[in-house]
Amino acid sequence: MSDFKIERDSLSLWLRVKPRARRDRLRVSPSGELVLELHAPPVEGEANEACVKFLAKAVSVAKSDVTILAGQKSRRKLLRISGRPGEEIKAQLVALVHDDAARRVS
C-alpha cells in the first residue's frame, strides 16, 4: 500500500484521485497505489472538495484538518491529515480499504 509519512499529530500520503466514479470509495490498485474514487467531476475544484470531505469524514477530523499539499490540478495528490495521532489516522485508512475489499468479495 502507499507510503505514509507519520508525524506525531498528522499523516502525509500520496494518492490518486479518480473523479466521476460510480461511488465514493478508497481502495488499493493492483500496483499498490492508494486510489480515491469520487463521484464528483474534476471541474471547478469539486473533486478536490469531495476528496477533502471524504477523508475528513473517514478519519473523523474537521475538513480544515485535511490539506492538499501538492497536486491541486492533478489526479495524483499529496495530502496531510492532522488533528489526531498519525498512527490512528493510518489505522483508520487501512481499515477502510480492507473493509471495502471484504465487502466486494462477500
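Within the stretch 1-22, the residues that satisfy the criterion of being among the hydrophobic types (A, V, I, L, M, F, W, C) and part of a loop (DSSP other than H, G, I, E, B) are M1, A21. Report yes if V43 is out of contact with any strand residue (DSSP E or B) (no Cβ under 8 Å at 6 or more places or on another chain), closer than 18 Å to R23 by Cα and modelled with pLDDT under 95, otherwise no. Yes; evaluated as a whole, the condition is true for this residue. Got at least one residue in the stretch 93-102 being outside any helix (DSSP H, G or I) and closer than 26 Å to R8 by Cβ? No, the stretch 93-102 contains no residue that is outside any helix (DSSP H, G or I) and closer than 26 Å to R8 by Cβ. Is it fair to say V66 is modelled with pLDDT of 95 or more and either surrounded by 15 or more Cβ atoms within 10 Å (Cβ to Cβ) or under 14 Å from the mean Cα position of the chain (by Cα) (or both)? Yes; evaluated as a whole, the condition is true for this residue. Scanning the stretch 23-46 for residues that are among the acidic types (D, E) and either assigned to a strand (DSSP E or B) or buried (at least 18 other Cβ atoms within 10 Å of the Cβ) (or both) turns up just one, E37.
For the condition over 21 Å from D9 (Cα atoms) and of a type in the set (D, E, K, R), D65 does not qualify. When S12 is tested against (1) in contact (Cβ under 8 Å) with a residue 40 or more places away in the chain; (2) over 22 Å from E88 (Cα atoms), exactly one condition is not met: (2). Looking across the stretch 71-102, the residues that are out of contact with any strand residue (DSSP E or B) (no Cβ under 9 Å at 6 or more places or on another chain) and among the small types (G, A, S) come down to A91, A95, A102. Scanning the stretch 49-91 for residues that are assigned to a helix (DSSP H, G or I) and touching a helix residue (DSSP H, G or I) at 6+ places or on another chain (Cβ under 7 Å) yields V52, K53, A56, A58, V59, K63, D65, I89.
In this structure, G86 does not qualify as on the phi > 0 side of the Ramachandran plot and either modelled with pLDDT of 90 or more or within 11 Å of the chain's Cα centre (by Cα) (or both).
The values are calculated or read from the model by the stated rules, or taken from the named source; none is laboratory data. Fair warning: this is a prediction, and the values are worked out from it, not measured in the lab. Don't worry about glycine lacking a Cβ; one is built from the backbone with ideal geometry, like all the others, and counts go over all protein chains shown.
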